[in-house]
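To start, the structure itself, in structure tokens.
Please treat every number below as a calculation from the coordinates, not as lab data. Note that the structure is a prediction, hence the values are computed from the model and not measured. Methodologically, a virtual Cβ is constructed for each residue, glycine included, from the backbone with ideal geometry; neighbour enumeration extends over all protein chains shown.
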Amino acid sequence: MVTTDPEGGGLVLHADTDVCAGAGQCVRAAPELFDQDDDGLVVPLATEIPPASSARALEAVDLCPSGAIGVRVLSRPDGRENRIPPGP
Ligand code: SF4
């Protein structure tokens, strides 16, 4: 899921349940941003990341063993997104 911010700027979450391995590292790193469903798959609790949660969001991305989650930076003047980590 990719969400765009019409105002530009800020960070948004990207989560792919087809890739999620259900390890739960994201929930432990940023419980305000992630949950898991009954099958253990990631459930994003927010699309836009509050500034106070940015560091935990990036930690969750680092800890995720499957690359299922990412953060998109919406700060480019042309409106295109930069994904952290780079990928689809
Ligand atoms: S850390 Fe990654 S693999 Fe584990 S539940 Fe979260 S998104 Fe899924």
Of the residues Val27, Leu63, Thr17, the Cα lying farthest along the dipole of region 11-84 towards its positive end, which is defined by charges on the beta carbon of Lys, Arg, Asp and Glu, belongs to Leu63
Residue span Val19 to Val73: 0.36 nm per residue of separation minus Cα-Cα distance leaves a gain in nm of 17.3 nm
Once the mean of 1/r over all distinct C-alpha pairs in region 11-84 is inverted, the Kirkwood radius in Å reads 12.2 Å
Residue-ordered couplings for region 20-37, obtained by feeding phi - 60° into the Karplus form 6.51 cos²θ - 1.76 cosθ + 1.60 and rounding to whole Hz (Gly and Pro as x), are 4, 9, x, 6, x, 4, 5, 5, 5, 6, 9, x, 7, 10, 9, 9, 10, 7
